[in-house]
Amino acid sequence: MGISHSGSSKQKHILQQFRSLCFLIFGSLLSAVAINIFYTPLMLTTGGITGIGSIIFQLTGRGEFLPLGVIVAILNLPLLILGWIKVSWRFVYKSIIGSTLYSFALTITEKPMVSWFEKYLNKPTINGKPDLLIFCLFGGIIFGIALGLILRSGFTTGGTDIIAVIFHRRFPSVSIGKISLILDIIIVTSSLFFYQNIESDILIITMYSFVAMWLTAKFIDITLEGLEVSRIAYIISDKHNEIADEIFVKLDRGATGLKAKGMYSKKNRGMIFCVMSSRQLPELKKMVEAIDPNAFIIVTEAREVLGEGFEKDSPDFL
């Protein structure tokens, strides 16, 4: 039995590694498609090290100096070393693998993608240029899905995330997400100044870059968490037992009873805590209203729910 269990665990681990590698490769190639087809040709700027690399790439003749992927790799190198010194090797080794494959994908797809863009997408529609809105929408969405796949694989593309983690360790009150957002805003905004001598519509391009950045963040979340967002309902009612029974029967969901006390009335009241899918929320509201029209309901989002009744694919990690 022990040998069989050991063999099964090893097989499962190998499968997880294979899935992680597939996510990483496909995510890297998809991100290269987004950058080389939708961002770079129209000078849209993304956040992070890719954004800095893109600015350098544009200012140095679009590949006459170095390919974008090589520039990104060079910019990532000191940050990876810094992360190794300031945090740990365990923290950066997956970033090294992820950023290397990401840079490689950017480099090998650059020329084929540019040719593909010139042949199929470089169709002037507005002011003699392709429609920025279409490129912004598709670029932001595809790049977000690509980065989400890379993160699902358990790897990262390195870059400014390392700075954000180091800064957060120094100032714990500032979240990593907030630091990353501030850095991305600075990078995208800087394109407004660097490009002003080579592009007359740079203000419009910068605004579209911010839209693309927002879409990227949204689709990273969607790729990691899925489209279905669960709901948490807090129900305060004197008829909480009846409501709980109906939840069990009609919604096929569990519920937890909590003690609550009105600080104005000083009365003890019953409260129900229940997690359900978004589709079940309208039925819950009708059910509660039918039992107790005076019930007080609070509904919030639950971005991730694990456990019985909620199935969710978790990211694969090596």
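Of all the numbered requirements in (1) over 21 Å from the mean Cα position of the chain (by Cα); (2) closer than 21 Å to residue 153 by Cα; (3) at pLDDT 95 or above, residue 105 misses one, and that requirement is (1). For region 112-150, the tally of residues that are surrounded by fewer than 20 Cβ atoms within 10 Å (Cβ to Cβ) and over 14 Å from residue 33 (Cβ atoms) stands at 15. For region 29-88, the tally of residues that are within 14 Å of residue 109 (Cβ to Cβ) and aliphatic (A, V, I, L, M) stands at 10. Only residues that are in contact (Cβ under 8 Å) with a residue 12 or more places away in the chain, part of a strand (DSSP E or B) and closer than 17 Å to residue 239 by Cα were counted in region 267-294, giving 6.
Restricting to region 109-136, count the residues that are part of a helix (DSSP H, G or I) and either without any contact (Cβ under 8 Å) to a residue 40 or more places away in the chain or within 20 Å of residue 20 (Cα to Cα) (or both).
7
Screening region 140-181 for residues that are part of a helix (DSSP H, G or I) and hydroxyl-bearing (Ser, Thr, Tyr) and picking the one that is farthest from residue 94 (Cα to Cα) gives 180.
For (1) within 28 Å of residue 97 (Cα to Cα); (2) assigned to a helix (DSSP H, G or I); (3) in contact (Cβ under 8 Å) with a residue 24 or more places away in the chain, each residue gets a yes or a no:
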position: 187; (1), (2), (3): yes, yes, yes
position: 190; (1), (2), (3): no, yes, yes
position: 196; (1), (2), (3): no, no, no
position: 222; (1), (2), (3): yes, yes, yes
position: 242; (1), (2), (3): no, yes, yes
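The values are calculated or read from the model by the stated rules, or taken from the named source; none is laboratory data. Model, not experiment: these values are computed from the prediction. All Cβ positions, glycine included, derive from the backbone under ideal geometry; neighbour counts span all protein chains shown.
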